Amino acid sequence: MRFLAILAFAVLIHWVIGYTMEKAKALEGESADMVALGLLALLLLAYALLIATPFVPGIEIGLALLLLQGADIVLAVYLATVLGLSLAFLAGKLLGADALITLFADLRLRKACAFLEARKDKSPDEHLAAFTARFPGPWGARLAASRYLLLGALLNLPGNAMMGGGGGLSLLAGLSGLFRWHWVLLTYLIAVAPVPLIVWLNGADGLAR
């Protein structure tokens with residue numbers, strides 16, 4: 001039953017991606033009437049939810065909207081991207097270790113359960129100290145100090161879908177206990193900016209260069 005539930009969720013996500021991509025293409029050339037604006041709002045909401053889902057290539061929808069609508073929609077896509085990543089991070093913060101321990105125990109991942117059990121009652125400072133201690137020499141302190149830069153770089157790393165994509169990375173960041181919400185939001189605002197900025201300055205043609 002669990003396998004069927006996961007399969008059904010994967011099929012649903014695949015259908016939503018296909019449907020939203022089809023509707024995004026249908027927007028090309030339409031006037032900015034109430035119907036088009038309503039459809040656009042729904043597409044942006046679907047995009048934010050998809051990009052928040054681990055291992056789902058939601059960014060393709062954002063790129064399609066930018067290519068079709070250009071600078072007119074760049075701010076909305078930018079904010080929807082930040083919203084989706086923020087939702088994933090907050091989900092990781094709210095999910096907590098107990099839910100993961102239950103999931104991993106069900107999957108017989110005993111080492112992962114033991115690791116989480118040892119960490120679940122620690123404060124953010126204790127999480128950071130434990131993270132720093134896992135690396136030899138000064139590497140732990142350097143990685144801890146630059147963890148927000150590292151998160152931003154991973155979000156822009158080509159092929160990061162293999163690590164869960166933006167949604168998966170943000171979910172893990174929330175689960176880790178290593179990141180403060182306000183600094184994560186600033187990281188998202190900066191890390192997401194390059195592509196929308198290119199479109200804003202050069203139009204949709206900037207993505208094709």
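The values are calculated or read from the model by the stated rules, or taken from the named source; none is laboratory data. Just so it is clear, the structure is predicted and the values come from calculations on it, not from any experiment. Backbone-built Cβ (ideal geometry, glycine too); neighbour counts: all protein chains shown. SASA here: full protein model, heavy atoms, side chains in, ligands and nucleic acids out. Shrake-Rupley method; radii C 1.70, N 1.55, O 1.52, S 1.80 Å.
Electrostatic tally near residue 182: other residues with Cβ closer than 15 Å to its Cβ, Lys and Arg +1, Asp and Glu -1, net +3.
Sorting 22, 117 by accessible area puts them as 22, 117; the probe is 1.4 Å, largest comes first, and only protein heavy atoms count.
Leaving ligands, DNA and RNA out of it, report the carbon-plus-sulfur percent of the accessible area of segment 83-209 at a 1.4 Å probe.
On the way: 5280 of 7730 Å².
In segment 83-209, the share of accessible area belonging to carbon and sulfur is 68 percent.
Within the shell of other residues whose beta carbon sits under 14 angstrom from the beta carbon of residue 128, the net charge comes to +4, with Lys and Arg scored +1 and Asp and Glu -1.
Going by accessible area, probe 1.4 Å, with all protein chains left in place, what is the ranking of 180, 147, 108, largest first? Display every interim value, and only then the final one.
Values: 180 110, 147 40, 108 150 Å².
In descending accessible area the options line up as 108, 180, 147.
How large is the charge dipole for segment 80-209, taken about the Cα centre, if only the Cβ atoms of Lys, Arg (+1) and Asp, Glu (-1) carry charge, to the nearest 20 debye?
Working: 12 positive and 7 negative charges, 58 e Å.
In debye, rounded to 20, segment 80-209 gives about 280.
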